[in-house]
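The values are calculated or read from the model by the stated rules, or taken from the named source; none is laboratory data. Everything numeric in this text was worked out from a predicted model, so none of it was measured. Every residue, glycine among them, receives a Cβ derived from its backbone with ideal geometry; neighbour counts consider all protein chains shown. Heads up: the accessible areas ignore ligands, DNA and RNA and are worked out on the full protein's heavy atoms, side chains in. Shrake-Rupley method; radii C 1.70, N 1.55, O 1.52, S 1.80 Å.
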Amino acid sequence: MQMAVGPITYTEILAYRQLTLADLSAWDVALIRRLDMAIRAITSARRPDGEIPASDGRAVTGMLRGLAAKRNALNPKEAAK
């Protein structure tokens with residue numbers, strides 16, 4: 001059974017700060033949250049925002065073909081070139 005990983009919360013950052021006596025600025029906290037979001041997006045098997053990981057070659061190919069078809073449908077004159 002795999003445990004779901006949630007975002008690092010402000011409560012967890014506060015607990016870390018108190019336990020380690022780290023002097024974290026607002027910028028540090030924002031950076032921790034942004035890095036956490038980026039890492040979770042990269043490691044997530046499912047992407048709720050519909051983003052396709054670059055490592056999924058078939059999905060990327062399908063996305064590019066779909067975009068080309070959409071462009072060709074909107075601009076038939078350009079598709080003929």
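What are the ³J(HN,Hα) values, in whole Hz, obtained from phi via the Karplus relation 6.51 cos²θ - 1.76 cosθ + 1.60 with θ = phi - 60°, for each residue of the stretch 6-17 in sequence order, with x given for Gly and Pro?
For the stretch 6-17, the Karplus-derived couplings read x, x, 6, 8, 4, 5, 5, 5, 5, 4, 4, 4 Hz, x marking Gly and Pro.
Once the whole set of protein chains is in place, how much accessible area is left on Tyr16, using a 1.4 Å probe, in Å² to the nearest 10?
120 Å²
In what sequence, largest accessible area first, do Leu74, Leu35 appear using a 1.4 Å probe?
The ranking, largest first, comes out as Leu74, Leu35.
Taking R0 as 30 Å, what FRET efficiency do you get between Ala38 and Gln18 from their Cβ-Cβ distance, rounded to the nearest 0.05? Walk me through the numbers on the way to the answer.
Values: r = 26 Å, r/R0 = 0.85.
Efficiency, from the Cβ-Cβ distance: 0.75.
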